[in-house]
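Take a look at the structure below.
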Amino acid sequence: MSLFTRSRQLSDDTAEGGAKPDGDTGTADPVDGTAMDDAAENAAPAPPPATKPGWFGWRHRYPRAARGVSLGTTVLAGALVLFALLVPNRIERIEFASFVRIPAEGVLLAGLLLALPPKPRRITSVVAGAFLGLLTALKFTDMGFYQILARPFDLVLDWILIQNGTDFLRETFGRTGQVLAVAGVIVLLVALLVLTTLAVVRLTNLMVRHRPVAGRTILILGTAWITCMTLGVQIGTVPVATKGNAEFVGNRVDQVRAGLRDARIFDKQASVDAFAKTPPDQLLTGLRGKDVLFTFIESYGRVAIDDPAMARQTDAVLTEGTGRLKAAGFESRSGWLQSPVTGAGSWLAHSTFLSGLWIKNQQRYRSLTTSDRMTLTKYFGKTGAWRTVGIVPGVRRAWPEGKYFGLDHIYDSEHLGYHGPYFSWTPVPDQFSLEAFQRLEHGKKDREPIMAEIILASSHNPWSPIAHMIDWNDLGDGSVFHRIKKEGTDPTEVWKDPEKVRAEYRKAIEYSIRSLTEWVERYGDDDTVLVFLGDHQPVPTVLAGDTGKDVPVTIVAHDKKVLDRVADWGWTDGLKPAGNAPRWGMDKFRDRFMTAYGPQG
């Protein structure tokens, strides 16, 4: 029987009711395979495949829900990756337009993953996901640094600040608050790394399963990116086409390179000292016999004087202080200095002021304090004409760097005789610190002239609660401040409202200024010379957009000859510097001061 005849007969039989030809055993024809095995046809239906128990089994029992969960997980993965690619590293730049941009890095990464063979693709997706998580964590870290220091995190130089930050948390919110905060940060970091990695892997698998659609989408997005970049398309002020992550990484690479070069640059700068070879008997001759007090007011920045929300109250305090000092026979001159830091890092500002070098990071600070560079305090000590002391209530543990500054004696928070409470970060209220200086050093009879470095810490962040002025005779051992602290504000409540933060900051600055001016009025004499200044501007929450780093600086003296020596500086009369008063880098003060008070021909 020909193949054609056989096929036709089978077709006819089927049409007539499916009867099989005589002699057909039901075995499949080896050529066309159209017959079915009778046994297979008559056999009972096979049981459904066994389902896996638990988490995996539910997908078979609830297929519709499984599809919904799968779709939702994919959408969340895509949203997370898009967020990580587009989120800025500054809080004030976060807006809706930031998240409707086209990231060049995302388009290129998708194209690369689609083109790679299976094994390299899996490795690349895992590495890319983890890197994206680290990049996002760095952006979040930058947000915190911008909020406190008005600058990004330095990958080379800022690791030491993490410990300082945890110490601040403990001193402000207690040990429990510190532990909870640190644990929360670690958990969030691990979760971010894991989730971004899983998200990239999931999206990669999705692209591979739908390769044609994925390829067309990448091509469309790439074309749109090029078009938007060429035409400069924007949503408001935000460009639609972005390569922000590439620029972010590039800036970080440049930052690391600059950090590694900075040590060599600093060593070269530190080797130059105009007074290194000056004989001791020719140093600071214009101040011989005077008590010279260099006093830093924490976070006393230009914003306290210029900001309209604070200017009226601060001006009143400075005007009152100027008048009271004048009535006591003191004159004053004020100008501006530019600090190397904003928001925090007081020790960098202090060392800049005293060393005449620009100490802008921890690496420079360590290099300075392990060098033989002379500071103002060391030069006063070198003359042999002054006893040099430090009043540093902010120091609560071993401070090996203190030896570098060449002070004969240092009084930290444990040696001022204070038995009152901490005011958040501040261990000792300013009024008590100054009274302790009077009791321990300045008020002694038959003493030699004193050069003192005094740190006033009451205006340290978080400015809640803060002390207030009381009668100097009531200070005692400081126990009175327990009641004063209870009357103060709660920092956790204050920091919920930026305007409350700004108000408390202003009050803290006023308290520090009043403490200092009243001390001079009460204890100052014909030989008192006071130089006081802010160390840096406060945190951006208080600055409200001000990006300057200026701080006020003032010289107060009873002896008119002292101020005559700086008459050519052009500083403003009184405790408040004029807006157009001279402005120097803080590193310039040391040499100008030593020149003004050195031998004059």
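Odds and ends about this structure:
- Some residue of the stretch 425-432 being of a type in the set (A, V, I, L, M, F, W, C) and at pLDDT below 95: yes
- Exactly one residue out of Val75, Val87 is more than 24 Å from the chain's Cα centre (by Cα) and of a type outside the set (Ser, Thr, Tyr), and it is Val75.
- Selection within the stretch 113-145 - surrounded by 15 or more Cβ atoms within 10 Å (Cβ to Cβ), of a type outside the set (Lys, Arg) and under 17 Å from Val208 (Cβ atoms): Leu113, Leu114, Leu116, Thr124, Ser125, Val126, Ala128, Gly129
- For Gly420: the one exception among (1) more than 24 Å from Arg302 (Cβ to Cβ); (2) in contact with a strand residue (DSSP E or B) (Cβ under 9 Å, 6 or more places away or on another chain): (2)
- Checked against the criterion of being out of contact with any strand residue (DSSP E or B) (no Cβ under 6 Å at 6 or more places or on another chain) and without any contact (Cβ under 8 Å) to a residue 40 or more places away in the chain, the stretch 538-547 contains one or more residues that satisfy it.
- Within the stretch 234-251, residues that are touching a residue at least 40 places away in the same chain (Cβ under 8 Å) sit with their Cβ atoms under 8 Å from residues that are among the polar types (S, T, N, Q) and surrounded by 14 or more Cβ atoms within 10 Å (Cβ to Cβ), at 6+ positions apart or across chains, in these pairs: Val238/Ser98; Phe248/Asn89.
- In the stretch 328-354, the residues that are closer than 16 Å to His536 by Cβ and among the hydroxyl-bearing types (Ser, Thr, Tyr): Ser339, Thr342, Ser346, Ser351, Thr352
- Selection of the stretch 146-164 for residues being in a helix (DSSP H, G or I) and crowded, with 16+ Cβ neighbours inside 10 Å yields Tyr146, Ile148, Leu149, Leu161.
- Arg522 being open to solvent by 30 Å² or more (accessible area, probe 1.4 Å), within 26 Å of Trp584 (Cβ to Cβ), touching a residue at least 24 places away in the same chain (Cβ under 8 Å) and not in a loop (DSSP other than H, G, I, E, B): no
- One residue from Ile123, Ile148 being of a type in the set (A, V, I, L, M, F, W, C) and within 27 Å of Ser299 (Cα to Cα): Ile148
- Filter result for Leu368 (in contact with a helix residue (DSSP H, G or I) (Cβ under 9 Å, 6 or more places away or on another chain), among the aliphatic types (A, V, I, L, M) and within 18 Å of Val531 (Cβ to Cβ)): no
- Selection from the stretch 312-341 of residues that are of a type in the set (Lys, Arg) and buried (at least 18 other Cβ atoms within 10 Å of the Cβ): Arg333
- Sole residue being touching a residue at least 24 places away in the same chain (Cβ under 8 Å) and either surrounded by 23 or more Cβ atoms within 10 Å (Cβ to Cβ) or of a type in the set (Lys, Arg) (or both), chosen from Ala309, Ala304, Ala276: Ala304
- When the stretch 576-594 is limited to residues that are open to solvent by less than 30 Å² (accessible area, probe 1.4 Å) and over 30 Å from the mean Cα position of the chain (by Cα), the one that is farthest from Met310 (Cα to Cα) turns out to be Met594.
- Ala596 being closer than 17 Å to Val341 by Cα and out of contact with any strand residue (DSSP E or B) (no Cβ under 9 Å at 6 or more places or on another chain): no
- Residue match in the stretch 279-287 (condition: in a strand (DSSP E or B) and either touching a helix residue (DSSP H, G or I) at 6+ places or on another chain (Cβ under 8 Å) or of a type in the set (A, V, I, L, M) (or both)): no
- The listed residue being closer than 19 Å to Asp430 by Cβ, among the hydrophobic types (A, V, I, L, M, F, W, C), open to solvent by 40 Å² or more (accessible area, probe 1.4 Å) and in contact (Cβ under 8 Å) with a residue 12 or more places away in the chain, out of Trp358, Trp347: Trp347
- Among the residues making up the stretch 484-503, those that are outside any loop (DSSP other than H, G, I, E, B) and either surrounded by 23 or more Cβ atoms within 10 Å (Cβ to Cβ) or of a type outside the set (Asp, Glu) (or both) are Ile484, Lys485, Lys486, Pro491, Thr492, Val494, Pro498, Lys500, Val501, Arg502, Ala503.
One line per residue, one yes/no per condition, for (1) under 17 Å from the mean Cα position of the chain (by Cα); (2) without any contact (Cβ under 8 Å) to a residue 40 or more places away in the chain; (3) under 26 Å from Thr492 (Cβ atoms); (4) surrounded by 18 or more Cβ atoms within 10 Å (Cβ to Cβ):
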position: Phe168; (1), (2), (3), (4): yes, no, yes, yes
position: Gly174; (1), (2), (3), (4): no, yes, yes, no
position: Val179; (1), (2), (3), (4): no, yes, yes, no
position: Gly184; (1), (2), (3), (4): no, yes, yes, no
position: Leu193; (1), (2), (3), (4): no, no, no, yes
position: Thr196; (1), (2), (3), (4): no, no, no, yes
position: Arg202; (1), (2), (3), (4): no, no, no, yes
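The values are calculated or read from the model by the stated rules, or taken from the named source; none is laboratory data. These numbers were taken from a predicted model, which means no experiment stands behind them. Quick reminder, even Gly has a Cβ in these numbers, built from the backbone with ideal geometry, and neighbours come from all protein chains shown. Side chains are part of the model used for accessible areas, which takes the heavy atoms of the whole protein and leaves out ligands, DNA and RNA. Shrake-Rupley method; radii C 1.70, N 1.55, O 1.52, S 1.80 Å.
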